[in-house]
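A short write-up of the structure that comes next.
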Amino acid sequence: MQIHQVIETYDQASVDYDAIMKRYWHIEREPLIASLQLKPGQSVLDAAVGTGLNLTAYPEGVSVVGVDLSEKMMDEARKKRVSADIAFKVSDLSNLDFPDNTFDAAASGFTLCVVSDPVRALAEILRVTKPGALIAILDYCKSQDPEIQKWQELIADSSSQLGFPTGKIKWDALMDYDELIYNSKLPIEVLADDRIDNPNPFLCACQLLLRNSKA
């Protein structure tokens with residue numbers, strides 16, 4: 001989706017987003033954040049923070065900067081009770097307003113399947129994280145099973161243009177993580193690549209742990 005479409009869609013969905021995710025795509029975020037092995041004093045980029053579903057999993061003593069295009073989504077995130085030090089910033093993942101090597105780690109939940117250029121977005125996350133930084137990703141993804149892929153192809157136009165529920169959540173039902181992490185030539189080391197395939201084409205997901213391998 002283009003930036004204005006993302007903002008419009010998620011502004012509209014902001015109040016209902018947590019309930020929708022809990023009903024249809026609920027996944028505990030603690031294992032995702034725990035995989036970053038965060039220590040007190042470290043800084044983390046949460047990209048994109050949305051309504052803050054990751055935030056309660058961050059430990060005390062860690063500084064988190066949550067970025068998102070939708071101010072209304074972040075308004076919902078500000079309501080969360082958290083242990084970490086949290087700051088929010090409106091920012092585009094394709095052009096993050098941070099210097100190189102700013103963050104010790106990064107996390108992203110159900111984000112790269114939404115942006116128009118996931119390679120560019122991941123490249124920006126790599127740019128603003130330090131060499132050796134861990135990057136944890138939880139996302140919807142294209143199945144590795146050709147039979148399930150057929151059903152994802154069938155819903156792809158509707159998921160990206162109409163949304164499910166209508167007008168609330170829009171994503172690329174053919175988000176190809178094999179292409180993104182193995183064929184994009186980005187400076188990453190794949191430490192974990194866990195796929196969740198499901199006969200229901202709405203429920204295919206992945207959880208990844210990457211290391212920033214830039215020099």
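Read-outs: derived from the displayed coordinates by stated rules, not from any lab. On a predicted model such as this, the values are computed, not experimentally measured, just so you know. Counting neighbours? That spans all protein chains shown, and the Cβs are built from the backbone with ideal geometry, glycine included.
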Output the peptides 32-39, 119-126 sorted from most to least packed, where packing is the average of other Cβ atoms within 10 Å over each peptide's residues.
-> 119-126, 32-39
In whole angstrom, and with the biggest value first, how far do the Cα coordinates of the stretch 32-100 range along each principal axis?
-> 30, 27, 18
With θ set to phi - 60°, apply the Karplus curve 6.51 cos²θ - 1.76 cosθ + 1.60 along the stretch 58-66 and write out the HN-Hα couplings as whole Hz, x wherever there is a Gly or Pro.
-> 6, x, 4, x, 9, 9, 10, 10, x
Global geometry of the stretch 1-147, whether rounded, prolate or oblate, following the gyration tensor of its Cα atoms and the 1.5 cut on a/c = rounded
Among 186-194, 108-116, the order from most to least packed when residues are scored by Cβ within 10 Å on average = 108-116, 186-194
Among 44-52, 160-168, 86-94, 132-140, what's the highest-first ranking by average C-beta atoms within 10 angstrom per residue?
-> 44-52, 132-140, 86-94, 160-168
With a ≥ b ≥ c from the Cα gyration tensor eigenvalues, square-rooted, and the rule rounded for a/c under 1.5, otherwise prolate when a/b > b/c and oblate otherwise, the stretch 62-164 is prolate
How far is the Cα center of the stretch 6-66 from the Cα center of the stretch 162-215, in Å?
-> 16 Å
